[in-house]
Amino acid sequence: MPTDITSILIGALILCVIILATLVIRLEIKLKRFLVAKGAVSIDDSLTKLSSDTKELQTFRTELESYLKTVEKRLRRSVQSIHTIRFNPFKGTGSGGNQSFATAFMNEDGDGVVISSLYSREHVSVFSKPVKKSASEYELTVEEKTALTEAKKTL
């Protein structure tokens with residue numbers, strides 16, 4: 001009787017060892033598939049490649065952040081709002097029609113320029129007035145003020 005129990009225990013232990021060995025082999029195969037990169041011979045090679053890839057990504061991210069900061073600065077200085085008003089400066093005399101205009105060009109900070117043109121049959125005059133913080137140190141006409149006000153609305 002004791003030999004029957006012993007042989008059963010030995011058989012159960014052998015079965016457990018076989019099951020555990022199978023599980024370990026399957027786990028190792030899955031781990032190699034998961035960790036070993038293409039062209040790598042071992043897990044160490046794979047981890048080294050992953051580490052270098054991570055460093056490359058960090059370098060790229062740093063460069064990209066720097067580039068985006070530069071782009072953001074340039075974008076803030078670029079023209080972001082334009083508005084044009086056409087008008088007749090001679091009000092009903094028949095000269096000029098609605099060929100005259102005032103156009104405001106502004107960036108995000110409200111800096112820019114107002115360009116206006118007065119058209120008549122004899123000549124065309126063009127004026128330019130700088131704008132800082134949505135205002136000009138030069139006196140603006142009604143049309144120039146309107147163009148500036150409308151341009152501010154779209155910022």
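Bear in mind these aren't lab numbers, they're just calculated from the coordinates by the rules spelled out. Not measured: the values here are computed from a predicted model. Reconstructed Cβ throughout: ideal geometry from the backbone, glycine too, with neighbour counts over all protein chains shown.
A quick yes/no check of all residues on (1) without any contact (Cβ under 8 Å) to a residue 24 or more places away in the chain; (2) among the polar types (S, T, N, Q):
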| position | (1), (2) |
| --- | --- |
| L75 | no, no |
| V79 | no, no |
| F90 | no, no |
| N107 | no, yes |
| V126 | yes, no |
| E139 | yes, no |
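Applying the condition of being in a loop (DSSP other than H, G, I, E, B) and not charged (D, E, K, R) to the range 111-137 and asking which residue is nearest to the chain's Cα centre (by Cα) yields S134. Of all residues in the range 117-137, exactly one satisfies the criterion of being buried (at least 19 other Cβ atoms within 10 Å of the Cβ) and under 19 Å from K153 (Cβ atoms), namely V131. Contact annotation: residue pairs with Cβ atoms under 7 Å, 6 or more positions apart or on different chains, pairing a residue in the range 46-61 that is small (G, A, S) with a partner that is part of a helix (DSSP H, G or I), are S46/L35.
With L140, L155, L148 as the choices, which residue is assigned to a loop (DSSP other than H, G, I, E, B), crowded, with 17+ Cβ neighbours inside 10 Å and aliphatic (A, V, I, L, M)? Quick ask: steps written out before the conclusion?
Numbers: L155 fails: crowded, with 17+ Cβ neighbours inside 10 Å; L148 fails: assigned to a loop (DSSP other than H, G, I, E, B).
After applying the criteria, what remains is L140.
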